[in-house]
Each structure stands twice: as structure tokens, then as C-alpha cells.
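Below: one structure, written as C-alpha cells.
The values are calculated or read from the model by the stated rules, or taken from the named source; none is laboratory data. Remember, predicted model here, so these are calculated numbers, not experimental data. Glycine gets a Cβ as well: all are built from the backbone with ideal geometry, and neighbour counts include every protein chain shown.
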């Protein structure tokens, strides 16, 4: 059975102050992976990463908080271009600057936020928590994009073939 983040009292206690910030709630306004918004994605990454860190005896606080803040930027990444580099390089640095405006950020949390795009960027993470968020971020992106896309495709095929959507 999949656990809902709101039902995990420890997780909520770690991120509640951030979750209630206008700067974090504003992420609802931005599409992330075609079928999700940036806030949904950030919560998915944060909560799943927190659960993995807990099993691996990692720093659950830093993992949950940095996971929530890893995409704290306010532009459409599909269209915005930067002279400083690719979106994969630029947005973690923008997210870190935005995160530092709303809360104190530890060195561990900095590494998690800045390095979460590793594999699309060259600098590898320093900490296991950074690797956790990096890989959970990729997993969530695939889930958020592929599961709805496959479901839509299956439904279109069923409709085309004359089968009911069950």
C-alpha cells in the first residue's frame, strides 16, 4: 500500500514550514513533466527521497527539505533559454538562490539541490543523500510523464478498437 505524504507525521514535521511558504506554493502554477505541476513533482521527489534516506540511515531532514526545494524556480523550462548554460545546469543554481531566501541551507542541502541534475551535468554528488534525490528525481520524472502517457495511449487504442475504457 502506497503511503500518502500527509499521513507521515515525521515527514510533515520536517517540511511543514516550507510547504506553507508562498514561494513553494507558487510552484503549482508551473507545468513540470507534461502531466504534473512543479509542486506535485517536488513533493513526490521529497517524500520518496525521505523514505529512501530513512531506510539507508541518511539525513532525512536534509533529504526531505532539499528534495522539496530542488526545483524552486519560476519559469517555463520548456521555453526559457540561458546564456550561462543549459536548463539542467542553470535551474539548480537558481533553485538554491531561491531556497536560501526562505530558509537556512546546510552544505548537504546545497549539494543535494545543485547536484540533482547529475548525469545531465558533469559534477557528481558528494553525499549519499544527494545521490538519493538525484535518482528519485529521475524516477519521479519518468513516472509523471510515462504512466499518464501510456494510460492515454491504451485508452485511445481501446476506443479505436471499440472496447470500453475499463
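Of note:
- Residue 58 vs. criteria touching a residue at least 40 places away in the same chain (Cβ under 8 Å), buried (at least 18 other Cβ atoms within 10 Å of the Cβ) and within 11 Å of the chain's Cα centre (by Cα): no
- Pick from region 106-126, criterion free of Cβ contacts under 8 Å to residues at least 24 places away in the same chain and not in a helix (DSSP H, G or I), ranking: nearest to residue 72 (Cα to Cα): 118
- Condition met for residue 127 (under 28 Å from residue 16 (Cα atoms), touching a helix residue (DSSP H, G or I) at 6+ places or on another chain (Cβ under 6 Å) and modelled with pLDDT of 95 or more): yes
- Each residue in region 26-57 was checked for being in contact with a helix residue (DSSP H, G or I) (Cβ under 7 Å, 6 or more places away or on another chain) and part of a helix (DSSP H, G or I), and 17 of them qualify.
- Residue within region 64-84 that is farther than 19 Å from residue 133 by Cα and outside any loop (DSSP other than H, G, I, E, B) present: yes
- Hits in region 68-92 (condition: buried (at least 16 other Cβ atoms within 10 Å of the Cβ) and touching a helix residue (DSSP H, G or I) at 6+ places or on another chain (Cβ under 8 Å)): 68, 69, 70, 71, 72, 73, 77, 92
- Against the criterion of being at pLDDT 95 or above, within 30 Å of residue 13 (Cβ to Cβ) and either more than 15 Å from the chain's Cα centre (by Cα) or surrounded by 14 or more Cβ atoms within 10 Å (Cβ to Cβ) (or both), residue 139 does not qualify.
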